[in-house]
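Have a look at the structure below before the remarks.
Taken together, the values in this text are just the output of simple stated rules run on the coordinates, not laboratory data. These figures come from a predicted structure and were not determined experimentally. Using ideal geometry, Cβ is built from the backbone for each residue, glycine included, and neighbour counts are taken over all protein chains shown.
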Amino acid sequence: MPQGTIVRWVEARGFGFIAPDGGGDDVFVHARAFAGRNVQPVPGAKVSYRLARDGAGRYRAEDVALAGASPRSSAARRGPRDGRDSRAADEPGQGALWGRAILGVVALSAGVWLVRSGQLSAAAGLILAGLSGVTFIAYGADKLAAVQREWRWSENSLHLLALLGGWPGALLGQALFRHKHRKAAFLAQFWVTVALNVSALGFAIVQGPRLLPGWAG
């Protein structure tokens, strides 16, 4: 059975989310899914579960069981400050997320410089900036949909936006929304789209004035 860590629990509503150990999107879990009636889920608890789909085809955890002792007692010993930090400790790649955000800002700043230096036309710069904005919004909307268990953006759609030039916005979305930042297969494809887009942009800057007279300013 898959295993993971409870990273969020809403006691008042009886549901939360599990971060899979193998990476990927957080999995929704309801209090009714726990095998023991007297189990008190808390953030930081290691659990095993069965991955199932609801009537709408969305993933959720069933037959959830704590993997070993509940961390409630140790969390209490750590005190309220450590309790607040427990999710941050379990969240992988915090430094990497900040790095992605910085890289996204640098990429957008580089686009502004290319326009100001005349290597890109203002129209081309606006298109690329607009694609980053759309991609950033798409990541935020997909994260919200995942939480509310509504219609999701497909991974192929997110990759297409990145490939067309929206990857700086994707980096900001991954960092600020903490979305699509753990799944290795997704990230491998994402960085391929970044490499392809940067290569195409570099070719356009070098050959654009000859092939597309309107590309450069």
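Residues with beta-carbon under 14 Å from that of residue 50, excluding residue 50: net charge, scoring Lys, Arg +1 and Asp, Glu -1?
Once all neighbours under 14 Å are counted, the net charge is 0.
Going by average Cβ neighbours within 10 Å, how do the peptides 184-192, 43-51 rank, with the highest at the top?
Highest-to-lowest ranking by the protection proxy: 43-51, 184-192.
Return the Rg/Rh value of the range 88-194, two decimal places, where both radii are evaluated on C-alpha atoms and Rh is the Kirkwood radius.
With Rg and the Kirkwood Rh in hand, the quotient comes to 1.00.
Taking other Cβ within 10 Å of each residue's Cβ, how do 62, 150 sort, fewest first?
150, 62
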